[in-house]
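A.B. asks: Just passing along the structure, written as structure tokens.
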Amino acid sequence: MFTEARAPRYQWGQSVRATVDLYNDGSLPEVEEDRLMIVAGGPGEIVQVGHHTEANVPMYLVDFGLCVLGCLEDEIALDDEAGAAVLEPASATDSPS
């Protein structure tokens with residue numbers, strides 16, 4: 001049975017930020033395994049969009065400047081989305097009277 005590939009949420013060239021700390025999972029043989037590569041919030045740009053056939057999920061190659069890493073959708077967010085939670089304005093009840 002053939003399952004149709006799920007459409008990617010993001011596109012090539014979009015600016016994104018890591019939503020979680022990203023570690024070397026062994027895919028970078030020149031770097032120690034389990035080494036922290038990019039901290040959550042680190043900026044990057046999608047340089048390629050692919051698809052993991054077995055899991056039926058989009059995969060993204062993201063250039064973080066220091067390295068290019070393969071990421072899943074839940075590991076990245078558009079630059080606007082990633083900063084939105086941090087930059088929310090204080091509510092009226094938080095301001096001094």
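Throughout, read-outs are computed from the coordinates displayed, never taken from laboratory work. Note that the structure is a prediction, hence the values are computed from the model and not measured.
A.B. asks: Using the Cα atoms of region 1-83 to build a convex hull, what is its mean projected area in square nanometres?
C.D. replies: That works out to 5.7 nm², a quarter of the Cα hull's surface.
A.B. asks: Still on this model: How long, wide and thick is region 25-71, going by the Cα atoms along their three principal axes, in whole angstroms, largest first?
C.D. replies: Computed over the Cα atoms, the extents are 28, 22, 17 Å.
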